[in-house]
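The structure under discussion appears below in the form of structure tokens.
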Amino acid sequence: MSDIDTLKAEIKKLSARATTMKMNLHDLSEELPVSWQNIPDVAQQAYDAYQALETARSKLKELEAKV
């Protein structure tokens, strides 16, 4: 498998994780004011997931530009 294919597979996994984190954040917002103490943790997890996804997408774009 090429680096590009490997990265595409990783992006697929990261995208699924980001979507899950987005839904966790959404679910938390619907439960407010219950569990309001969890806002920073859940928000950080969503932020980290989307940051990792964006980093991988940028790397893929760079690899594809070199081909």
| note | Checked pairs for region 43-66, first closer than 12 Å to Ile11 by Cα, second of a type in the set (Gly, Ala, Ser), C-beta under 8 Å and 6 or more apart or across chains, list as Ala49/Ala18; Tyr50/Ala18; Ala52/Ala18; Leu53/Ser15; Leu53/Ala18
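If a residue has to be part of a helix (DSSP H, G or I) and either among the acidic types (Asp, Glu) or over 20 Å from the mean Cα position of the chain (by Cα) (or both) to count, how many in region 20-62 make the cut?
Step one: of region 20-62, the residues part of a helix (DSSP H, G or I) are 20-31, 36-62.
Next, from what is left, pick out any that are either among the acidic types (Asp, Glu) or over 20 Å from the mean Cα position of the chain (by Cα) (or both): 27, 30-31, 36-37, 41, 48, 54, 62.
Final tally of qualifying residues: 9.
Residues of region 9-38 being of a type outside the set (S, T, N, Q) and in contact with a Leu (Cβ under 7 Å, 6 or more places away or on another chain), which ones?
First pass over region 9-38, keeping only residues of a type outside the set (S, T, N, Q): 9-14, 16-18, 21-23, 25-28, 30-34, 36.
Answer for region 9-38, where residues must be of a type outside the set (S, T, N, Q) and in contact with a Leu (Cβ under 7 Å, 6 or more places away or on another chain): Ile11, Leu14, Ala18.
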| field | Search result, residues across region 23-58 that are of a type in the set (Val, Ile, Thr) and under 30 Å from Asp3 (Cα atoms) | value | Thr55
| request: List the number of the failed condition for Ile39; all other conditions in (1) in contact (Cβ under 8 Å) with a residue 24 or more places away in the chain; (2) in contact with a Ser or Thr (Cβ under 9 Å, 6 or more places away or on another chain); (3) aliphatic (A, V, I, L, M) hold. | output: (1)
| message | Just to verify a result, which residue in region 1-24, among those that are surrounded by 15 or more Cβ atoms within 10 Å (Cβ to Cβ) and of a type outside the set (D, E, K, R), is farthest from Ser58 (Cα to Cα)? | response | Asn24
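Each reported figure results from applying straightforward, stated rules to the coordinates on display, with no laboratory input. The shown structure was predicted, so the numbers you read here are calculated from the model rather than taken from an experiment. Note: ideal-geometry Cβ built from the backbone for every residue, glycine included; neighbour counts use all protein chains shown.
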